[in-house]
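What follows is a single structure, written as structure tokens, with notes after it.
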Amino acid sequence: MISAGVYAQIESPVKWSYAAKRISSTEAVVILRATIQDGWHIYSLNVKEGGPIKTSFTFSPSNDYALLGSTIEPTPLSRYENAFKMDVSYFEKSVTFQQKIKLKSPNALVVKGKLEYMTCNDMKCLPPDDVDFSIPVGK
């Protein structure tokens, strides 16, 4: 009997890192950074309907903090993508997203949530990925 094993290589061309910095006694900025392998890209927070899955952040409700405004991103690149038959906004190499929060408690706290993103290269797109995050905000 002959047995052949197939080992699928899981591609993960995007690595996420997190940080937070207090900007006053009552405000902080949560930083979510994607480092993207050469040849791959992820999409902007702002993608039109009918396009790829946009990057999005869902912050868990908390009595310790409140979101101030929307998550911000740097100016994305833009190009026409045949796969979607439209211009899309995207990031290569790395991108840093920021979310300002109002601190309701003077104690150290943790900002939790989930991010969703889709990554593509010139040949294919990987299925959208959901990533849970937990970001400590020090005193």
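Listed values, structure above:
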| quantity | calculated |
| --- | --- |
| Filter result (open to solvent by less than 80 Å² (accessible area, probe 1.4 Å), in contact with a Ser or Thr (Cβ under 8 Å, 6 or more places away or on another chain) and in contact (Cβ under 8 Å) with a residue 24 or more places away in the chain) within the range 59-74 | 64, 65, 73 |
| The range 75-89, subset open to solvent by 60 Å² or more (accessible area, probe 1.4 Å) and not aromatic (Phe, Trp, Tyr), residue modelled with the lowest pLDDT | 83 |
| Which listed residue, of 134, 94, is closer than 19 Å to residue 17 by Cβ and either open to solvent by 80 Å² or more (accessible area, probe 1.4 Å) or under 12 Å from the mean Cα position of the chain (by Cα) (or both) | 94 |
| Residue match in the range 90-106 (condition: part of a loop (DSSP other than H, G, I, E, B) and either more than 18 Å from residue 26 (Cα to Cα) or at pLDDT 95 or above (or both)) | yes |
| Residue check, residue 54 in a loop (DSSP other than H, G, I, E, B) and crowded, with 17+ Cβ neighbours inside 10 Å | yes |
| For residue 105: the one exception among (1) open to solvent by less than 60 Å² (accessible area, probe 1.4 Å); (2) polar (S, T, N, Q); (3) within 20 Å of the chain's Cα centre (by Cα); (4) closer than 19 Å to residue 138 by Cα | (3) |
| Tally of residues being open to solvent by 40 Å² or more (accessible area, probe 1.4 Å) and modelled with pLDDT of 95 or more across the range 111-126 | 3 |
| Which listed residue is surrounded by 18 or more Cβ atoms within 10 Å (Cβ to Cβ) and modelled with pLDDT of 95 or more, from 31, 36 | 36 |
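The values are calculated or read from the model by the stated rules, or taken from the named source; none is laboratory data. As the structure is a prediction and not an experimental result, all values here were calculated from the model. No Cβ is skipped: glycine too gets one built from the backbone with ideal geometry, and neighbour counts run over all protein chains shown. Heads up: the accessible areas ignore ligands, DNA and RNA and are worked out on the full protein's heavy atoms, side chains in. Shrake-Rupley method; radii C 1.70, N 1.55, O 1.52, S 1.80 Å.
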